[in-house]
Amino acid sequence: MSKTRIAFIGAGNMATSLIGGLLAKGLDAAQIRASDPGAETRAKVAAEHGIELFADNAQAIQGADVIVIAVKPQAMKAVCQALRPHLLPHQLLVSIAAGITCASLLNWLGSQPLVRCMPNTPALLGKGVSGLYATADVSTEQRQLAEQLLSAVGIVVWVETEAQIDAVTAVSGSGPAYFFLLIEAMTDAGVKLGLPREVAKQLAEQTALGAAHMAVSSDVDAAELRRRVTSPAGTTEAAIKSFQADGFATMVEKALSAAAHRSAEMAEQLGQ
Ligand SMILES: NC(=O)c1ccc[n+]([C@@H]2O[C@H](COP(=O)([O-])OP(=O)(O)OC[C@H]3O[C@@H](n4cnc5c(N)ncnc54)[C@H](OP(=O)(O)O)[C@@H]3O)[C@@H](O)[C@H]2O)c1
């Protein structure tokens, strides 16, 4: 990426996390440009990251190899349609907007190499995971570029079909909230069992973090890790049996199906 020039359309939370991550990885500030309608945002981002900011999107993309569209989904149509006459055929477009399909994007942008990404909120701390889907016009080099770009804020997985982006949305896109819900419920349960709220909260949060660390650093899967910490007739087994009797796996499956369904439904609405 040492010579790649990247333009960000929209300099909000996700764009600035990516910009910070790319600079931390060694990219030169001169390789990155961004545009945003907010004068205050432009001044803040320029001061923080030392990159050039523009009020005009068309100016920001001049000379760019990769254009990352990082505006809210509702603004995508107008932004893409306005960019269209200024695009060059070799420029890779990367969309991080939740719920906007490649068909809609290409309809607004015209024919361009396009990668659609689904990042998640921990990307704001460099701890994200993004699902990526490339259209047929994306070259191998451009796939690598997109992967390196999103790797600035976490890990990257590729999916084979665009429909799988709905599944990515259900698992990791919306996923942080599921863990927040579990932390919340464990904290409340700890309080009911007699702990001060702050203590219960710390125990629940650090347990989630520790368990996630164990899961990612272990060479066995989560089911095996669970078996290893579940002694017969012990305390963990009592809790796991109670979860299973209440249909925990079915509950999770139903919730993720609802998220995937909603993702597909929103794509239809936002694409019009
Ligand atoms: N944040 C996340 O965790 C997350 C996770 C997954 C996916 N995403 C996706 O990432 C995208 C950006 O989200 P975000 O959280 O970074 O939003 P954000 O903080 O609101 O950033 C969007 C920025 O784009 C600017 N903007 C609005 N209209 C524009 C235009 N016509 N041209 C150029 N810039 C324009 C906005 O300015 P104003 O504020 O002045 O309107 C704002 O500064 C969204 O599509 C979202 O679906 C975000």
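The values are calculated or read from the model by the stated rules, or taken from the named source; none is laboratory data. Values in this document were obtained by computation on a predicted structure and should not be read as measured data. Neighbour counts are summed over all protein chains in view; Cβ atoms, including those assigned to glycine, are modelled from backbone coordinates with ideal geometry. Areas reflect the complete protein model, heavy atoms only, side chains present, ligands, DNA and RNA absent. Shrake-Rupley method; radii C 1.70, N 1.55, O 1.52, S 1.80 Å.
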Report summary line: With the 8 Å Cα cutoff and a minimum separation of six or more residues, the range 171-272 has a relative contact order in percent of 18
Requested in this report: Amide H neighbours of SER130 under 5 Å, at least 5 residues apart or on other chains, H built in the peptide plane: list them.
Outcome: ILE155, VAL156, VAL157
Requested in this report: Output the DSSP H helices from the chain with an along-axis C-alpha extent of no less than 27 Å and a mean Kyte-Doolittle hydropathy no less than -0.5.
Outcome: 197-217, 248-270
Report summary line: Simple SL model, points at 7 angstrom along Cα→Cβ for LYS3 and HIS90; separation in nm is 0.9
Query raised in the report: Counting only heavy atoms of protein chains, what accessible area per residue, in Å², does the range 8-136 have with a probe of 1.4 Å?
Result: 41
Query raised in the report: What does the charge count near ALA97 come to, summing +1 for each Lys or Arg and -1 for each Asp or Glu among other residues with Cβ under 9 Å from its Cβ?
Result: +2
Report summary line: By the mean-Cβ-within-10 Å protection proxy, highest first, 233-244, 5-16 rank as 5-16, 233-244
Query raised in the report: Ranked highest first by average number of other Cβ atoms within 10 Å, how do 35-43, 208-216, 88-96 line up?
Result: 88-96, 35-43, 208-216
Query - Accessible surface of the range 175-267, 1.4 Å probe, proportion on carbon and sulfur as whole % - result: 66
